[in-house]
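Single-structure report; data block below.
Each reported figure results from applying straightforward, stated rules to the coordinates on display, with no laboratory input. These figures come from a predicted structure and were not determined experimentally. Glycine also receives a Cβ, built like all others from the backbone with ideal geometry; neighbour counts cover every protein chain displayed.
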Amino acid sequence: MKRPPYGSRPRLSREMAQLSWLASGLAQAGSRMERTYWHGRLQTLVEQLLTAKDDESLNVVLNRLSDSEPVGHDALMDTIESAVESTTTIIDGKPHDVLLIACPLLTWSRYAIPTPTLSAKDQRVLAELLLNTVLTRHARVVVLGMLVGPDQIPREFTQLAALTQNLTQALVNGKAAPLHTQAQEETNRFLSDTRYLIAATAVPKGDALFRWQEPRATGGNSQLNDRADITQLWASTCMPILEPMLAGCRVSAVLPDAFHAACAAADRASRPYSVQACINFLSESIDLPPEKQRAVIGPFHAQRLEEYRIALGPRNEDALYHGVVWPLLGIEDEQTDMVAEIEQVLRAAGVTDIVTHEHRFPMEFCEDCGGPMYANADGELAHLEMPESAAAQPSTLH
């Protein structure tokens, strides 16, 4: 690896210190006017680091703030995400705001969940559906030509910013957007996973992007501006197009939104969805209906509580057939009553035999297959083992 030029390290250190100082100032601001000042300077520096492809400085400061000043960490992360997923451009001689959006699809299947490419016709049809259901009528949109899995989304901030720029250029030129490098990666196989339709939308600078931003029309106009109604409309219109591409899968659509907001919503929605999928899978694949299943819930810790693992097996037996990892998200911690939510999801799905452990379990994984270990009813860590008739199926839902 080529060494950086001598003398570049002090400059980098100063930039990181400046980044930390600005993020802390924004987090501690006591007025809107002060927040505007800090945010403007922080955004400018973040954009400079993204242009320089300096992911290292951004990640180092985020890690330090995470330990020392969580509010500053969140302020910096929000600024980075905003800079990564949005930009401005000129279309037809007028300035436009551009936003990267994601349309998550929760899926589960007894077979491998595909990551299909989209034909030019499919891209045009889906773009038109977004305009007719989610986006404002004066928006422009271009759709990425693939339903990507989590492993096929750019991992670095600068890579995601590059995807936003590539889709923006496609909007300006009126051409299809090229697939990014990570789209060629293989995605891990889970029984339940998420696929993302990614797009970029542009509106004249300062105008509304989404229909829920618009005031409700009067005089009999049927336009929807409620998020729940828009979600239902989007799901009903996109499913006939997307379900055939995900053959053999059960699919549920999540409301399209700004990229990071949509991904966060998909992460939250995927937890109960995966539990339901796991219960359905055992019912359909080995004829073990919900009322004959037992769920064992265990909290798993590293330095802190990281996740709950839910193991499912036959009622009144020690065997564990399948498992779901329920990670903590955002501000959730040990004080969040997550167990009550998990139990509610299980009971709503028909599982009434529920064992909940309160003591801590270590974050252990199988040395052979790398899969997570789960707690059994006796409070011991055990491996998931499907019956031989269905042993070829993956045993963890994600």
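What the table shows:
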read-out	value
Value at 222 nm in deg cm²/dmol, rounded to 500, when DSSP H runs of n ≥ 4 in the chain each add -39,500 (n - 2.57)	-13000 deg cm²/dmol
Selected from Gly30, Gly149, Gly371 as most flexible by GNM, with the chain as the system and alpha-carbon contacts under 10 Å	Gly30
Sites Lys292 and Asn132 - FRET efficiency at Förster radius 45 Å, r taken between beta-carbons, to 0.05	0.50
Semi-axis lengths, Å, the chain, gyration tensor of Cα atoms, sqrt of 5 times eigenvalues	38, 29, 21
In nm, spacing of pseudo-spin labels at Ser119 and Lys53 (7 Å Cα→C-beta vector)	3.7 nm
Projected area, mean over directions - region 1-141, Cα convex hull, nm²	14.8 nm²
Pairs of Cα atoms farther than 25 Å apart, region 286-397, %	18 percent
Using alpha-carbon coordinates, inclination of helix 157-173 to the longest axis of the chain, degrees	60 degrees
Helix 227-242 axis, angle to the chain major axis (alpha carbon atoms, nearest 10°)	80 degrees
Cα-derived Rg over Rh, computed across region 92-268 with Rh taken as Kirkwood radius	0.96
Note, ³J(HN,Hα) from phi for region 44-49, Karplus 6.51, -1.76, 1.60, rounded to Hz, x at Gly and Pro	4, 5, 4, 5, 5, 5
Partners for Lys205 among lysines (Cα-Cα distance below 25 Å; same-chain residues under 8 apart left out)	Lys94, Lys175
0 to 90° range, to nearest 10: angle between helix 259-285 axis and the chain longest Cα axis	20 degrees
3J(HN,Hα) from dihedral phi, region 188-195, Karplus parametrisation 6.51/-1.76/1.60, rounded to Hz, x for glycine, proline	5, 9, 10, 5, 10, 7, 10, 10
Stokes-Einstein D for region 337-376, Kirkwood Rh over Cα pairs, 25 °C, 0.890 mPa s (µm²/s)	202 µm²/s
